[in-house]
Each structure stands twice: as C-alpha cells, then as structure tokens.
Amino acid sequence: MTVLAERLPAGAHAEHHDEPTLIVKWLTTTDHKVIGLSYTITSVILFFLSGIMALAMRVQLSSPGGAGMSPQTYNELFTMHGAIMLYLFAGPFAFGGLANYIVPLQVGAPDMAFPRLNAFSYWLYLSGSITMLLGFFTSTGAAAFGWVAYAPLSSSVYSPGPGADLFIMGLFLTGFSAVFTAVNLITTIFYLRAPGLTMFRMPIFTWNMLVTALLILIAFPVLTAAMLLLFADRHFGTHFFTVSGGGVPVLYQNLFWFFGHPEVYILALPYFGIITEILPVFSRKPVFGYKGLPFFSLLSLLIAVPTGIKFFNWIGTMWRGQISYKTPMLFAIGFLLGFLMGGLTGVMLASPPIDFATHDTYFVVAHFHQVLLATAVFAGFGGIYFWYPKMFGRMLRDGLGKAHFWTLFVGFWLTYLPQYVLGLKGMPRRVFIYPSGLGWGALNMASTVGAFLIGASFLFMLVNLFVSWRNPIPAGDNPWDGHALEWFTSSPPPHHNFVKLPPIRSERPTWDFNHPDAPVLPHGRHAKEQPALVGVGSPAGTSGGPAQTPSAPADGGTAPGDGSGETGH
Amino acid sequence: MRTEARLLIGVAIFFAITGVGYWFWSSEQSGTAMLVGAVLLGIVPGSYYLWWSHRMKPRPEDRADATVPEGAGVIGAFPGSSIWPFVMGMGLFALVLAAVFGLWLLAPAFAAIFAAAIGYTRESRRGGTV
C-alpha cells in the first residue's frame, strides 16, 4: 500500500475533543458515512415529495372528467414527478447514499478516496435538487415538458420562463455531482481495498457500484453537455436543436438517449447489488454463481438476457437455502416478483407488433413503474431495512417492517395491473383528463386506491423509525450473520471505519471468521488458515491527517460479530 | 492492478466494437463521437494501469494470499472536516442561479468559488490537517 504521509504524533489525537457538532458537523463533514446518510435522507425526502405529486395526479385521474386540476398543473406535476424520481431519488439514493456508506466498509477502506470531493458532490446534489424545485415558486411554474426535456418543446419558444431554466440548471449541477461520485467510487475500489481483497473477492454490491460508476462516467457528461447546449439555445442565440438556425432537434434525442439507455442500468444495477447482498444472508448460503454476476452486470448493455441469467443466480442462491423471512428478505422477494413482471413486459414492448399497439399508452407507464418501483423502492428500502442496524446500531421492528412490506406489495400490484389493462384498452399516457363511456373509470379508481396504499405503507416505516429512535433495541455488530466486511466493524462504525480486520480468504470474510469450522467453499476459502484477528496500531485522526490500515496482530479478541446475541431476536 | 486494467480495456474494446458497428450501420456522427469518447475513457486509464502493472509488484490487495499486516501503515491523508466543499458548492449554486435570475448573483458566486479554491489549497499545503 502506498504510504502518502507519516503517522500523526500521539498528541495530535487530542484534537478529537474539538470535533464540530450538529449543523457545523453536517456542513463541514468529509466522513463518507455522514455524507452517505445525508444523500439517503435528502433523496428520501424528495421521494416523498414526488410521491405526493403522484398521488395528486392519481386523484385527478381517478374518475372521468377529472378532479379540477388544470392541464398546466398536471404537466408540471408529471414532469417534476418523473424528473425527481429518476434524477434526484432513484440514482442518488443508491449511488450517492447506500454506496457512499457501504462501499468503503465493504472494501475495508477508512473513507472514500477523495473525502472533500465527496462532500462537494453532496452539496452539488442538494443545490441542484433545490434549483429544480425552485421552479414551483416562479410566476410561470415549474418545467412542464416531460422528464426528457425534448427539444424543441423545451426551447424558449414553447417553454418560456425560468421554471424550464431551473430544471436545466438543476440537472447541470446534479450531473457533475454524479460524475464526481463515480470518480470517487472507482478510485476507492481500485486503490483502497484491504489486503487479500482481490477484485474477485469483492461483494457483488461493490462490483455493481463499480460497473454503475463506469456507466455514469460514460453517460452523465453527455447529459450535462446536452443541458448546457439546450440552455445556450434558449438564451444565447445558438441553434443546436432549432431547425430555424440550421440545428437538428433529433441531435438532442441522440444526446439524451446516449445518456438514457445506460441510465436504465445506472438506476437498476445498484439495486441488483442490494438484492445480491440480502438474498445470501437470509438464505444462509453463499451467492450462487459469484463470478457470473459481475460479468453479467457488465453485459447488461445487452439488456434482457444477462438480467434473466441474474434471476437464475438469485433463485439459485435461495435454492435449498435455510430461508429466513425477515423484512429485508421480504422486500428482496417483492423485488424479484415486481421486476420479473416489469422485465417481461419490457421484452413484450421490444416486440414491434406489440409496441405499435401499446406505444405511448398506460401499458408503458405500468411497465416502467413496475421496473422502477421494484428496484428503487422494493430493493432500495430492503437495503435500508438491511443496513439500518449497521448505520445506527439499533434494530428496526420486524413486525412494522412486514406491515410496510405487505401494504406496499398489495398497493404496488393494485396500482399497476389495472394500468396494463388500461393501456391495452387504449388509454394514452400523459393525459390529464378522459371522457366517460370508455370503460376506463373503474380501472383508474382501482389504480388510485393502490397508489394511496403505497403512500400509506410508508407511514409504517416512519412509525418504525420513530419507535426505533425512542425505544432502541441494540443491534450488535452483525445482527443478520452477514457475510461482507461491513458486518465486521462496530455498529455504527467508528470514524475511519475499522479497528480490526479479519483475514480475507473469500468473498465473505466476516462469515468465514465467524464460522471457522464450516466446510470449504468453492471460491477458494481456506477456513483453517490464519485464524488470528488483526488490529489497528492506533486510531486514525478524526480531525484530519493520515488514516492507517491495521498494522500488527492484536490481542486475538472475539469477533465483533459475536455481538449478535444483543439483538433482542 | 491487472484486473482493473483488463476491466477498463474491456470497456474500451466493447465500445470500440459497438462504435464500429454503429458507424457502419448509421453513419451518424454525434453517436459515433460519443462512442469514441467512451473508448478513450476505457483505454487511457486502462493502458496506464496495464503499463504500471508490469512494472510493480502485485499490491497486497491484488494477491489472494496477502495477510492484513502486509497492508499496514499510513495509506493517505483523509481530512476529518472541511468547510470548503460546502462553500464551493454554494458558489456554484449561486452561479447557476445567476444564469436564471440575474447577473448580480455572479458577485457572491465568484467570491465563494475563489474563497473555496484558496481554502482548499491552503488545507492541502498543510497536509490535510484542518
């Protein structure tokens, strides 16, 4: 490992007592865990805001004739709902939030490679989100041209006013935020892994984040540049996308979909990673087909076939496992069912004869909502239930978690199954009103009831968080008998993450350490080798300065994972 | 390091094949240019890593039999806290708002950006101890 700086003198650690607190700590932090939580909390707040917009639209569509919403308001709501969910929630929630928190822990690193760049990324994300939302407070309202902002509809002629400009500039900032986070994650994974943690011993979650980061580096600069060109067309008299000056509107679509196609997997792969962490832990088995998963994540550019193979990996992981139906596992199974339906209908839409009939109908709406809710909501909140004990050192209540799951699950299917039928009956998407007599009313009402069930399900989560906060049940360090390195350190992890590291001889070092007599695994684990625990020479400075890897054999203390007896389970 | 190099070069090869096919079938310039950019994104760092991987011993994290003490020591300076990312972020926030609401916002924007740039540099020169 490269040595970049000398150890701090012993006296330097006295600075720990001067650590900033509360708001100052939040504003000045460079700790990946605080930044990861900031991303998570911000994105979940935006998810709730966007969800309320969705409910308002569903009320409008619940019956023929609508509920009094103006077409302009409806257009603003569906534009901002889509933009917030795709740009500000689904991506940042996993890639900025969970990846920021979990990846350094899984690779045994003290922090992200560039902590200040990491903090800068978050502030860009937050200010970009606020910029986009500010459109609602302008006299002409928020952007109303759809989340893709196609030219020429998004030009200054057809979409005048600051709302559209704020949308473009918000995307400009968040685009940079995503690129910086991608650079940071790749560098962390390439340079800060623990000794023995070869690339093909990394957890699949980390692998998927690496592939996602590469996709982001390819896709997001193009989107950011397209936004800048669009802004120049609107204000500086350029004609990149306007026919009148010799421009080409289709160029915008080329640029946008060069971003948009990888974006599908930028949104999906992190959540596939979460599922691949949850399933083996609650099936009491290693991942089935470990080496195939990163390969097929890379191959995901071919879309359906590799994803189908990953489904077999996931089913193979559960096959003959000792499945434990805790809340995270239920969310993971909910993901499998929802994503299967969304994926299969996607394959249907790829068939031109079906696409001709269902293009721009509610069939498409149901398809992509099932894909996105399965990933960002089922897998994403499954990840929250899975890692919450690690983040806060306390358990969430399993009963309330299951109530959340079942309400969400019923609401999910009740919302979207009628929309498939509506699409086949010919209901177009992006309409704010429809006449009676078409047989669409009852199906729309069912869909609206389902949407409110989805909204209500999150009340269980909020109550769960409150109960956990008021009456904590200590989680211990490894409440689920987890596999990867994050379950080896304390809950919550200390500054710079690790006081001790186990020997790393497979893709699940914590499990190996806690089960030394388990049979040898197919991926090169050698259980009897190196049983000694290794400790850190001295803790790294929290007020800046060099961070250190574990240096010398310690007292051979017990595994942190033994604390699972404190969980109250 | 070789696995990392192969990964990046693999990305480059994938997009090179895609780019040739895309150009052959579409003769469309913007998409081809972007695919060339994706090839460079893989080939530039990938070949650098590959070049280095032949000139250095495998790092402890590259070896399956490495022990934890082999990676011992200081691995880098990690600043514990810094206000400058926030200041720089707010500077850019004001900069984009200036593009929408009025150029007067450029004054606080550039003030914050320059202050943050100086602050970042001073922190770095002090070795990361804030």
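The values are calculated or read from the model by the stated rules, or taken from the named source; none is laboratory data. Here the structure is a predicted model, which is why all the values come from computation and not from measurement. Positions of Cβ are backbone-derived with ideal geometry, glycine not excepted, and every protein chain shown enters the neighbour counts.
If you go through region A:470-480 and keep only what is more than 23 Å from the chain's Cα centre (by Cα) and either buried (at least 16 other Cβ atoms within 10 Å of the Cβ) or in contact (Cβ under 8 Å) with a residue 24 or more places away in the chain (or both), you end up with A:PRO472, A:ILE473, A:PRO474, A:ALA475, A:GLY476, A:ASP477. If a residue has to be assigned to a helix (DSSP H, G or I), of a type outside the set (Val, Ile, Thr) and surrounded by fewer than 17 Cβ atoms within 10 Å (Cβ to Cβ) to count, how many in region A:57-71 make the cut? Counting residues in region A:57-71 that are assigned to a helix (DSSP H, G or I), of a type outside the set (Val, Ile, Thr) and surrounded by fewer than 17 Cβ atoms within 10 Å (Cβ to Cβ) gives 1. A single member of A:GLY343, A:GLY393, A:GLY383 is of a type outside the set (Phe, Trp, Tyr) and surrounded by 23 or more Cβ atoms within 10 Å (Cβ to Cβ), and it is A:GLY383.
Please find, within region B:1-12, the residue that is modelled with the lowest pLDDT out of those that are within 9 Å of chain A (Cβ to nearest Cβ) and in a helix (DSSP H, G or I).
B:THR3
The residues of region A:92-117 that are facing another protein chain (nearest Cβ under 8 Å) and assigned to a helix (DSSP H, G or I), listed by number, are A:PRO115, A:ARG116, A:LEU117.
Per the conditions (1) farther than 18 Å from A:ILE102 by Cβ; (2) touching a residue at least 12 places away in the same chain (Cβ under 8 Å), the sole criterion not satisfied by A:GLY383 is (1).
Being closer than 20 Å to B:ALA94 by Cα, touching a Leu at 6+ places or on another chain (Cβ under 6 Å), at pLDDT 90 or above and surrounded by fewer than 24 Cβ atoms within 10 Å (Cβ to Cβ) holds for only one residue in A:LEU124, A:LEU117, A:LEU134, A:LEU166, and it is A:LEU134.
Any idea which of A:PHE89, A:PHE48, A:PHE78, A:PHE95 is of a type in the set (Phe, Trp, Tyr), surrounded by fewer than 17 Cβ atoms within 10 Å (Cβ to Cβ) and at pLDDT 90 or above?
Details: A:PHE89 fails: surrounded by fewer than 17 Cβ atoms within 10 Å (Cβ to Cβ); A:PHE78 fails: surrounded by fewer than 17 Cβ atoms within 10 Å (Cβ to Cβ); A:PHE95 fails: surrounded by fewer than 17 Cβ atoms within 10 Å (Cβ to Cβ).
So the residue among A:PHE89, A:PHE48, A:PHE78, A:PHE95 that is of a type in the set (Phe, Trp, Tyr), surrounded by fewer than 17 Cβ atoms within 10 Å (Cβ to Cβ) and at pLDDT 90 or above is A:PHE48.
Of the helices (runs of 4 or more DSSP H) lying entirely inside region B:13-130, those containing at least 3 residues that are over 24 Å from A:LEU217 (Cα atoms), modelled with pLDDT under 90 and more than 7 Å from chain A (Cβ to nearest Cβ) are B:106-125.
Just the residues that are more than 11 Å from chain B (Cβ to nearest Cβ) and farther than 18 Å from A:ILE45 by Cα, please, taken from region A:124-138. Correct list: A:PHE137 only. So, in region A:139-179, exactly how many residues are within 13 Å of chain B (Cβ to nearest Cβ), under 19 Å from A:MET53 (Cβ atoms) and under 24 Å from the mean Cα position of the chain (by Cα)? The total comes to 4. When residues of region A:316-338 are filtered for being among the aromatic types (Phe, Trp, Tyr) and either touching a helix residue (DSSP H, G or I) at 6+ places or on another chain (Cβ under 6 Å) or on the phi > 0 side of the Ramachandran plot (or both), how many remain? Residues in region A:316-338 being among the aromatic types (Phe, Trp, Tyr) and either touching a helix residue (DSSP H, G or I) at 6+ places or on another chain (Cβ under 6 Å) or on the phi > 0 side of the Ramachandran plot (or both): 2 in total. The C-beta contact set for region B:65-86 (first residue closer than 26 Å to A:ILE23 by Cβ, second residue aliphatic (A, V, I, L, M) and outside any loop (DSSP other than H, G, I, E, B), distance under 6 angstrom, 6+ apart or interchain) comprises B:PHE78/A:ALA547; B:TRP84/B:ALA116; B:PRO85/A:ALA119; B:PHE86/A:LEU27.
Taking the numbered list (1) surrounded by 23 or more Cβ atoms within 10 Å (Cβ to Cβ); (2) within 26 Å of the chain's Cα centre (by Cα) in turn, A:SER457 passes all entries but (1). Of all residues in region A:481-520, those satisfying the criterion of being assigned to a loop (DSSP other than H, G, I, E, B), in contact with a helix residue (DSSP H, G or I) (Cβ under 8 Å, 6 or more places away or on another chain), over 18 Å from A:TYR101 (Cα atoms) and among the hydrophobic types (A, V, I, L, M, F, W, C) are A:ILE504, A:ALA518. Say whether the condition of being in contact with a strand residue (DSSP E or B) (Cβ under 8 Å, 6 or more places away or on another chain) and not in a loop (DSSP other than H, G, I, E, B) is met by at least one residue in region A:367-379. No, region A:367-379 contains no residue that is in contact with a strand residue (DSSP E or B) (Cβ under 8 Å, 6 or more places away or on another chain) and not in a loop (DSSP other than H, G, I, E, B).
Here's the yes/no breakdown for (1) more than 9 Å from chain B (Cβ to nearest Cβ); (2) touching a strand residue (DSSP E or B) at 6+ places or on another chain (Cβ under 6 Å); (3) modelled with pLDDT under 85:
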| residue | (1), (2), (3) |
| --- | --- |
| A:LEU4 | no, yes, yes |
| A:LEU22 | yes, no, yes |
| A:HIS32 | yes, no, no |
| A:LEU37 | yes, no, no |
